[in-house]
1. Kindly indicate whether any position in region B:79-91 is surrounded by fewer than 17 Cβ atoms within 10 Å (Cβ to Cβ), touching a helix residue (DSSP H, G or I) at 6+ places or on another chain (Cβ under 8 Å), at pLDDT below 95 and not hydrophobic (A, V, I, L, M, F, W, C).
2. Taking interchain pairs and intrachain pairs at least six residues apart, which have beta carbon atoms under 6 angstrom, with the first residue in region A:26-38 and facing chain B (nearest Cβ under 7 Å) and the second part of a loop (DSSP other than H, G, I, E, B) and of a type in the set (Lys, Arg)?
3. Restricting attention to region B:209-257, and to residues there that are within 22 Å of the chain's Cα centre (by Cα), assigned to a loop (DSSP other than H, G, I, E, B) and more than 7 Å from chain A (Cβ to nearest Cβ), which single residue is farthest from B:Tyr128 (Cα to Cα)?
4. What pairs come up if the first residue lies in region A:68-91 and is farther than 16 Å from A:Val45 by Cβ, the second is among the basic types (Lys, Arg) and buried (at least 21 other Cβ atoms within 10 Å of the Cβ), and their beta carbons are under 7 Å apart, counting only those six or more places apart or on different chains?
5. When residues of region B:116-137 are filtered for being without any contact (Cβ under 8 Å) to a residue 12 or more places away in the chain and of a type in the set (Gly, Ala, Ser), how many remain?
6. Looking at region B:193-204, is at least one residue closer than 24 Å to B:Ala74 by Cα and within 8 Å of another protein chain (Cβ to nearest Cβ)?
7. Please go through region A:122-180 and pick out each residue that is touching a residue at least 60 places away in the same chain (Cβ under 8 Å), over 17 Å from the mean Cα position of the chain (by Cα) and within 24 Å of B:Arg104 (Cα to Cα).
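The values are calculated or read from the model by the stated rules, or taken from the named source; none is laboratory data. All of these numbers come straight from a predicted model, not from anything done at the bench. Cβ atoms come from the backbone with ideal geometry, glycine included; neighbour counts cover every protein chain shown.
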Amino acid sequence: MKRLLTIAAAVGLSLAAFSSCSNDPTLGGTNITGSSLIFKQIDRVGGAGITELFSAYARHDASNRATPLGDQSATAADINAFVTGTAARSAPISAFLQNLLTPDVLLADLSQAGDASYLGVETNGQITDSCNGPRVGTGKFGGRGLNEDVVDATLGLVFGTTVPTIAAGSNVPGSSGAIADDGNEKDGRAGRPVLTTDNVGCGGKHFNFAQFPYLGDPR
Amino acid sequence: MKIARPVGGLAALCALAVSAVLYCGTPVRGFDIQDSAAIVARPGVDISDTYFFPSPTNPNDVVIVMNLSPGLPAGTGNTAFFDSSALYTLKFDTNYASEAVGSRPTENLVMQFSMSLPASGTQQVFVYGPSVPNSTGSTTSLVNAGTTNGTGLINKSFTTSSAIAVFAGVREDPFFFDLTQFYSIVPDRHLGSSNATCLPGGSGTCPQGFNTAGAASDFFSNSNVLSIVVEMPKSFLTMNGNSLVAYWATSSTQSGN
C-alpha cells in the first residue's frame, strides 16, 4: 500500500509538470474551426468496472478501443469465463449477467422520477445500493449516481444471491423467468470467504449535492 | 498555430519534465486506472468512471460526469491539467429502445471537449455540441466542423451557447473501493502481475475474500480526478420522443496512442 501511494504521489507531481506525453498536436477551440481531424479511440467506459472485473488484463486494450456493439460477443465471453470459472456460478446465472451487463453502457430512463439507480432500468429497480440511505423514487431511472455502491452491487450479482432474487422481475433482454439459486455464493455462509462486499462505503466522500458540479472539492 | 505545433515541442516538454517521464513509464494499479499500456503511457486519456444522474437541483435536468487521470494525490487541485491533444466525448444513443437487441447501441448524439496547452496556471476548455456525430464507431471527428459551442477555463463553471452548464477541472474522486484487496484476490486483473487468482480455477495462495469492515480501506480516499461535468435539460436527450438513453464516454487522440 505504501508503495502504491508513493507512486501515486509521483504521478501527481508529474501531472503538474505536463499534460501530454505524445507527439500529437495540441488542440485549441478557435484554431480548429473548419477542421476535419480524425481521432482514434483509446479508452471507453460505460458501466462500472465491467472490463476490469471480467476481462483479463491482456484483453483490456482491445476492449477500450472497441465500440459497445462488440460487447455482446467479446465482453460477454469474458463474463461467462469469469462467472462460470473463477466465480463458479451456474450457466443460467452467467447467461443472465451477460445479457444484463452488455453492451457496456449506462442506460437511463428519463421519464422515471427519483434518484439514479445503477442497472435500475434493466433490473426494474430491484438493486438498492445507495450508500447514503434509502433511494428516492422508483429506482428505475438507471444511470449511475455519485453515491451508489456499484462495487457491492456488482459483487452481489456475481458472488451473491442477487441474480436468483431479481431475475424473474427484471427487464433484461434475452432473459426470462426465474433462475435457481446454485448454492455457490461466496457470502460468508458455511465458512466461505466474503466476496459480496468490499466493506467500503462512501462515508469518506465530500459530495455537494446542493451545488453544481456536485462532486467534492479537491482534497 | 496551435494544431501545427512542432512535434519536437511536445517531445521536449515531456523530456524536460523529469517527473512526467516517471509517469509515462511507471505503471500504477487501478480498477479502471491504467488498464492498458496505451493508457499507462498517456494518463490524460485514462477514463476512470462515468456517471449519469438526475440533477439534484433542477428536476428538468440531468448530469453527466466523465472522470479522468485517477490517482491525483491531495494537494494537486491547481496543478493538474487535461491532455491538450485529446478529444473527450460523451456519446448518447437516444434511439436505443427501438434498435434490435444485439445490434445496439450506436451513438446519434455526442458532446465533445478539447483543451488548450496549460499556460499561466490555467487551461482553456472548448465544448462542441451536443450534435449529431459526423461518424459512428471508434474513430470520430469534431462536430460542427470544430466550431465551439462554449469556451471556459479549467476549474471554473461556465455555460455554453445552448445553456448547458459545464465544469472541467479537479475534483475529489467520488469512487470508493478496497482496490488493494481486490488485486490481492484476483491478481490476474492487474497490470504487470503474473500471479494466479486464488479463486476457483487458480493456484495462488492469496486471500480469497475481502477484509472485514474494520480492516477494509478505500484506495481512492483523499485522492482526486480530473472531471468533466455537464448539466443539461432532459429535453436535449428526449427530443425524438424516446425517454430511454444509452450513454458511454470515450477518449481519443489523432495518433491513437
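1. Yes.
2. A:Thr26/B:Arg5
3. Ranking the candidates gives B:Phe219 first.
4. From region A:68-91, the pairs are A:Val83/A:Arg89.
5. Number of matching residues: 4.
6. Scanning region B:193-204, I find no residue that is closer than 24 Å to B:Ala74 by Cα and within 8 Å of another protein chain (Cβ to nearest Cβ), so the answer is no.
7. Matches in region A:122-180: A:Ala167, A:Ser170, A:Pro173, A:Gly174, A:Ser175.
Let's see how each residue does on (1) touching a Pro at 6+ places or on another chain (Cβ under 7 Å); (2) under 29 Å from B:Thr238 (Cβ atoms):
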site	(1), (2)
A:Gly70	no, yes
A:Asp78	no, no
A:Ala81	no, no
A:Thr84	no, no
A:Ala88	yes, no
A:Ser94	no, no
A:Thr102	no, yes
A:Leu107	no, yes
A:Ser111	no, yes
